[in-house]
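Some notes on the structure that comes next.
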């Protein structure tokens, strides 16, 4: 009996002391690890920018709409409709009523003002993190001709996009492509350039000869393309500003095609077919002097520079089927990086340098995919009857490509997709379109 | 002696007397039935039993395996489905309502018409063995008109069993296999890992370190140590919360000016006021907090680099469960550069603030344990999605 009593006392003491010890052990802040979240577009509000004068009213409204369209088009943002607004922004300098914007779950707020004077337009804007009751970055201002109001809207959207996501900008960019009209058996093609969102289309060539594969220069002032103007495929360079073109030096009886600028803008790599064999060459634009980079009996084509200009990725069928290879620009043994089933082609190195986009044909379907530069982590982003010719946005986050529908009346059009595989959407063009090439960000 | 006792005594006595002498006082005993028994010899018994056996045979004709006519019609062909077209003058297809004992029910007419027609070209089925009470069919039991062939239900089922032939084109369909639970899985509710104070008491670090043995705590008047955040906090002013996180500053104690006993006493008293009171948060309470913040942690607008960045964020909480938005600060980051860390931190801060509407559901009695929370936002799993 005595022992039992002692045991009870001991147990009670242990409990009491244990509780105290537990309290001591629980010292410091509460620590929680969060690994699961949600992937949703971020809600934002962009009230119509405040016009500085009566004539700026329509421009202010249009700029606001373009900004909203740019952000929404990324798939990363969702605009809160104006009908849900509790408070309006009537004064650009007035303090923000955060509570009103929190109430409608607008996590980002973009306010701005537009002034038009002397044919110029000035756009001021600020971005707010509503739930932090703070401004993201500082206010900015852009000025330019009234006719260029869309570019200013794109620049505002670029700034907002970069501040919130941390990604590089890409809205203020252009795309050169081949505009197509007519049926498949009598298709007429010409070069066209447009804003990234399909606005401001301009035609650079007429439809008198077939044109293929236009490629922007690193600073966006020139375009390389292949034309059958002479009856044989030949490479031309076109000054976008002056809309003037000239053919690059070529050898009689050869076919040159698939050109692409080097990052320095002074060298061009391309494929040249001579005597039934196709290899990759480089050429100085200034001197016209060319250098043969590959010497294989197989077909080597579609070269693309790495951002640092030190390596080339290209397509070769030396293994029996078209696959992707990487080689140093200065020469050396190519390294195969694609090993999946199917045929790989049209590789393009990402502006970030971390990924290579490609076209893949497998089991009767075409895909746009990306892989790391060592061939790992291959991901197919699209699938259709015919997807081909990817091109990177300046920030390396978005790809644009051509998709052709099946059948005699099949039409080619442009699409864009996020490198996550989300947000696949069509890019509006007046006619059919193929062979897109994205320009760098405009200055 | 009381009256009741007397009555009881008298009644009991009467009862005893009745039991003892009741049968004597009764009249004649109940009559006993007597039956006369005759004695039989063994021969007479055998004769009787043989007669009863014969009677049973005559009374149960269907049980006895007497030579039945069943084997006879077996080899005979079954009646053809088309009986002789004998246009009977009785066109009524149903049996007459008059009770004719020999007329079978109507539905069986066509089946029992089995008039043996030797010219029937095909044998459909063997006729059913005639019953003992079956009488030969009369003419009026023949179907009045041509009837359809016998229904196939009497025929043995010739359902074609699908051949399980190996299809060279494709593999046989595999039945969906349900993922089996790992061996460690159990359907029992597992107890919380910590809440039992007895178990917690058995942990050596807790039991061997009473509060008075701890080193000097930073006094409430000590200046708050600057956070090691790489990104400046939104508000530069220090938080008024006297309880700071565990900073690496050792807080040197002026031991030379203080008496050891007084130190111990002061620390014991001070520790009593600063130490978290009550049991720590249970795993369920922590999980609820984690889920609450997760619901607002939106990484959909983060850059690729920010999606690869893990940030540790600290926040001071009010007793109402509301976070102090100005106290949210980045403690550390890994996996990305400063820009990525800033994006990831802002997403984390938005999550903490957005989902705190009305305050987080944290137990008020354990406020000392959650007045400061460190949250690690690790987007690795989100990146894979």
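The values are calculated or read from the model by the stated rules, or taken from the named source; none is laboratory data. On a predicted model such as this, the values are computed, not experimentally measured, just so you know. As a convention, Cβ positions derive from the backbone with ideal geometry for all residues, glycine included, and neighbour counts pool all protein chains shown.
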Across (1) crowded, with 18+ Cβ neighbours inside 10 Å; (2) farther than 24 Å from residue A:78 by Cα, residue B:318 clears everything bar (1)
How many residues of region A:105-116 are crowded, with 18+ Cβ neighbours inside 10 Å and over 25 Å from the mean Cα position of the chain (by Cα)? The answer is 7
Of the residues in region B:277-317, those that are at the interface with another protein chain (Cβ under 8 Å from one of its Cβ atoms), assigned to a strand (DSSP E or B) and closer than 15 Å to residue B:374 by Cα come to B:314
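Do we find a residue being without any contact (Cβ under 8 Å) to a residue 40 or more places away in the chain, facing chain A (nearest Cβ under 9 Å) and buried (at least 22 other Cβ atoms within 10 Å of the Cβ) anywhere in region B:366-377? Explain how you work it out, then say what you get.
Step one: filter region B:366-377 for residues without any contact (Cβ under 8 Å) to a residue 40 or more places away in the chain, giving none.
Scanning region B:366-377 turns up no residue that is without any contact (Cβ under 8 Å) to a residue 40 or more places away in the chain, facing chain A (nearest Cβ under 9 Å) and buried (at least 22 other Cβ atoms within 10 Å of the Cβ).
Do we find that residue A:119 is touching a helix residue (DSSP H, G or I) at 6+ places or on another chain (Cβ under 8 Å), within 18 Å of residue A:63 (Cα to Cα) and buried (at least 22 other Cβ atoms within 10 Å of the Cβ) in this structure?
On the way: touching a helix residue (DSSP H, G or I) at 6+ places or on another chain (Cβ under 8 Å): yes; within 18 Å of residue A:63 (Cα to Cα): yes; buried (at least 22 other Cβ atoms within 10 Å of the Cβ): no.
No: the conditions fail for residue A:119.
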### Query
Could we say that residue A:433 is assigned to a strand (DSSP E or B) and surrounded by fewer than 20 Cβ atoms within 10 Å (Cβ to Cβ) here?
no
Region A:267-314: strands (runs of 3 or more DSSP E) wholly inside it with 1 or more residues that are closer than 19 Å to residue A:212 by Cα are A:267-274, A:277-284, A:300-305
When residue A:348 is run through (1) farther than 17 Å from residue A:306 by Cα; (2) assigned to a strand (DSSP E or B), the failure sits at (1)
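For (1) at pLDDT below 85; (2) within 14 Å of chain B (Cβ to nearest Cβ); (3) within 30 Å of residue B:317 (Cβ to Cβ), each residue gets a yes or a no:
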| site | (1), (2), (3) |
| --- | --- |
| A:13 | yes, yes, no |
| A:32 | no, yes, yes |
| A:36 | no, yes, yes |
| A:41 | no, yes, yes |
| A:69 | no, no, no |
| A:76 | no, yes, no |
Exactly one of A:131, A:142, A:171 is away from chain B (no Cβ under 14 Å) and at pLDDT below 95, and that one is A:142
Across region A:241-250, the tally of residues that are part of a strand (DSSP E or B) and free of Cβ contacts under 8 Å to residues at least 24 places away in the same chain stands at 3
Hey, does region A:217-237 have a residue that's farther than 30 Å from residue B:337 by Cα and touching a residue at least 60 places away in the same chain (Cβ under 8 Å)?
yes
Checked pairs for region A:370-384, first on the phi > 0 side of the Ramachandran plot, second surrounded by fewer than 19 Cβ atoms within 10 Å (Cβ to Cβ) and outside any strand (DSSP E or B), C-beta under 7 Å and 6 or more apart or across chains, list as A:375/A:339
Taking region B:339-351 and keeping only residues that are under 21 Å from residue A:102 (Cβ atoms) and either under 38 Å from the mean Cα position of the chain (by Cα) or at the interface with another protein chain (Cβ under 7 Å from one of its Cβ atoms) (or both), one is left with B:343, B:346, B:349, B:350, B:351
